[in-house]
1. Condition first: of a type in the set (S, T, N, Q) and outside any helix (DSSP H, G or I). Now tell me which residues in region 200-235 satisfy that.
2. Of (1) open to solvent by 20 Å² or more (accessible area, probe 1.4 Å); (2) of a type in the set (A, V, I, L, M, F, W, C); (3) under 11 Å from A111 (Cα atoms), F96 satisfies all except one. Which?
3. Being assigned to a loop (DSSP other than H, G, I, E, B) and either open to solvent by 20 Å² or more (accessible area, probe 1.4 Å) or among the hydrophobic types (A, V, I, L, M, F, W, C) (or both), is that true of even one residue in region 180-194?
4. Which one of V114, V131, V151 is modelled with pLDDT of 95 or more and surrounded by fewer than 21 Cβ atoms within 10 Å (Cβ to Cβ)?
5. Residue pairs, Cβ under 6 Å, 6 or more apart or interchain, first in region 204-228 and among the β-branched types (V, I, T), second assigned to a helix (DSSP H, G or I) and at pLDDT 95 or above. List them.
6. Report, by residue number, each residue of region 95-146 that is among the charged types (D, E, K, R), within 24 Å of R202 (Cβ to Cβ) and touching a helix residue (DSSP H, G or I) at 6+ places or on another chain (Cβ under 8 Å).
7. Could you please tell me which pairs satisfy a Cβ distance under 6 Å, a separation of 6+ or placement on different chains, a first residue in region 117-140 that is free of Cβ contacts under 8 Å to residues at least 24 places away in the same chain, and a second residue that is surrounded by 17 or more Cβ atoms within 10 Å (Cβ to Cβ)?
Amino acid sequence: MTSEPASGAAARADGRPTLRELAVQALSSVEHGYDLLAPKFDRTPFRTPERFLTATGEALRAFGPFAAGLDVCCGTGAGLGLLAELCEGPVTGVDFSAGMLARAHAAHPRARLVRADARALPFRGEFALAVSFGAFGHFLPAERPALFAGVHRALAPGGLFAFPVPAPPRVGTPWWWAMAGFDAAMRVRNALWRPPFVMYYRTFPLGPVRRDLTRAGFDVTTVPLAGFGFRPDGAPNCRLVLARRV
């Protein structure tokens, strides 16, 4: 892990990464950046919140139990515990960051962990359930077909690919401006600095994602995650996408 500058402040007492450490990560490649951040990742806001895991688990129990499970872009393993609860068979996590996989192994020593690019998953027909949490901002729209095709190959016939998708913030709200500003800053960063760090908040809209899943061979439905509430028009604030291999 990158150390603090000689004149700089001590490491944070709460164990979270410093601004300098986050800056070093942001100026690295995605893979190397997560290798650097891995020891402190679970103490950052980037870890999947427990409420997403809990809500997803509650929704998926109606479709289980499942046999073997796969966490796509598992990171430090936030979704592996959920899969262990839902699946009667073995649980596998895949990620391309060795640092993140090391942390996942420490937290879930019984899980099988595989280092691989999610755009070229090395599995075929092994899993009844695949999940993914908080990783899709790392894939450009043109990369979604390869990602979804790999998940489709990894699932057994009838297998389910599930992931939550929050509704986009309403235009002009503080969250809308925050996401738009972040994405704009990342585009400027990637235009001026190499290697690129692909992370965007607004490149995974439900409509195009649903079309890409259908083209990959999935039958796609969604269910509302009611615990996140509803908008004034009745639309859910968060949906669970259920893509079944056909």
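1. In the first step, residues of region 200-235 are kept if they are of a type in the set (S, T, N, Q); the result is 203, 214, 221-222.
Once the filter is applied, which keeps residues that are of a type in the set (S, T, N, Q) and outside any helix (DSSP H, G or I), region 200-235 yields T203, T221, T222.
2. Just one mismatch for F96, condition (3).
3. The initial filter retains those residues of region 180-194 that are assigned to a loop (DSSP other than H, G, I, E, B), namely 193-194.
With the extra rule that they be either open to solvent by 20 Å² or more (accessible area, probe 1.4 Å) or among the hydrophobic types (A, V, I, L, M, F, W, C) (or both), the set shrinks to 193-194.
Yes, that holds for at least one residue.
4. Values: V131 fails: surrounded by fewer than 21 Cβ atoms within 10 Å (Cβ to Cβ); V151 fails: surrounded by fewer than 21 Cβ atoms within 10 Å (Cβ to Cβ).
That would be V114, the only listed residue that is modelled with pLDDT of 95 or more and surrounded by fewer than 21 Cβ atoms within 10 Å (Cβ to Cβ).
5. V220/R210; V220/L213; V220/T214; V223/A59
6. So in region 95-146, the residues among the charged types (D, E, K, R) come out as 95, 103, 110, 112, 115, 117, 119, 124, 126, 143-144.
Still in the list and also within 24 Å of R202 (Cβ to Cβ): 95, 117, 119, 143-144.
Of everything in region 95-146, those that are among the charged types (D, E, K, R), within 24 Å of R202 (Cβ to Cβ) and touching a helix residue (DSSP H, G or I) at 6+ places or on another chain (Cβ under 8 Å) turn out to be D95, R119, E143, R144.
7. That search, which allows pairs on different chains as well, returns D117/F96.
The values are calculated or read from the model by the stated rules, or taken from the named source; none is laboratory data. Just so it is clear, the structure is predicted and the values come from calculations on it, not from any experiment. All Cβ positions, glycine included, derive from the backbone under ideal geometry; neighbour counts span all protein chains shown. What goes into the accessible areas is simple: the full protein's heavy atoms, side chains included, and nothing from ligands, DNA or RNA. Shrake-Rupley method; radii C 1.70, N 1.55, O 1.52, S 1.80 Å.
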